[in-house]
Amino acid sequence: MSKKKKEKTNAVRLVEQHDISYKEYEYSWGEDQLSAEHVANELNQNIAQIFKTLVAVGNKTGALVAEVPGNQELDLKKIAKISQNKKVEMLHLKDLEKTTGYIRGGCSPIGMKKQFPTYIDTSAQDFSSILVSAGKRGLQIELDPEDLANLVDGTFANITV
């Protein structure tokens, strides 16, 4: 019996190319089940370790990426200050795929079309590993937050409300 070879996402390929140790998790999802809470429940993981990838736009820098724990909200004022913008607003959902190459619920900070300034909430440093989207719905990748920061040239910052 032949096992169908699983197609790797850009995110997984990049992690492997950089020799970063990781774990992959698959879970079931639906259009109305794209929340971090759903992921945490499906994978039986601490929601504070499930990081949402949010894409925002700064008035000076353009697109930027925020990694925020699943049980927290992004503070637009804090990320504006840290990223040296006067104002930051969320990227319109209709522009997500065009900007990042990823769709809602499957947006990974790793392997976007372009490397955007990336900010990871400092709470990630409380854990030896965190989970982020692996680049498609129903797939998460667990890795050391320092490895993630190095890979995406990320900055740890207090960016939650």
When you scan region 129-140, how many residues do you find that are under 17 Å from L54 (Cβ atoms) and either open to solvent by less than 10 Å² (accessible area, probe 1.4 Å) or not in a loop (DSSP other than H, G, I, E, B) (or both)? 6
The residue that is modelled with the lowest pLDDT, considering only those in region 1-29 that are surrounded by 11 or more Cβ atoms within 10 Å (Cβ to Cβ) and of a type in the set (D, E, K, R), is K8
Looking across region 101-115 at residues that are open to solvent by 20 Å² or more (accessible area, probe 1.4 Å) and closer than 13 Å to L54 by Cα, the single one that is modelled with the highest pLDDT is M112
Kindly provide the set of residues from region 72-100 that are among the hydrophobic types (A, V, I, L, M, F, W, C) and either surrounded by fewer than 12 Cβ atoms within 10 Å (Cβ to Cβ) or without any contact (Cβ under 8 Å) to a residue 40 or more places away in the chain (or both), ordered by number. L76, A80, V88, M90, L91, L93
Selection from region 141-152 of residues that are under 10 Å from the mean Cα position of the chain (by Cα) and open to solvent by 10 Å² or more (accessible area, probe 1.4 Å): none
Given the structure, is Q45 closer than 20 Å to P145 by Cα, touching an Asp or Glu at 6+ places or on another chain (Cβ under 9 Å) and not acidic (D, E)? yes
Would region 36-45 turn up any residue that is modelled with pLDDT of 95 or more and surrounded by fewer than 18 Cβ atoms within 10 Å (Cβ to Cβ)? yes
Test set (1) farther than 25 Å from Q17 by Cα; (2) assigned to a strand (DSSP E or B) - K78 fails condition number: (2)
Restricted to region 56-71, and to residues that are open to solvent by 10 Å² or more (accessible area, probe 1.4 Å) and out of contact with any His (no Cβ under 9 Å at 6 or more places or on another chain), which residue is nearest to I103 (Cα to Cα)? A63
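The values are calculated or read from the model by the stated rules, or taken from the named source; none is laboratory data. Everything numeric here is computed off the predicted structure, so don't read it as measured data. Heads up, the Cβs are rebuilt from the backbone with ideal geometry, glycines too, and the neighbour counts pull from every protein chain shown. Side chains included, ligands, DNA and RNA excluded: accessible areas come from the protein's heavy atoms. Shrake-Rupley method; radii C 1.70, N 1.55, O 1.52, S 1.80 Å.
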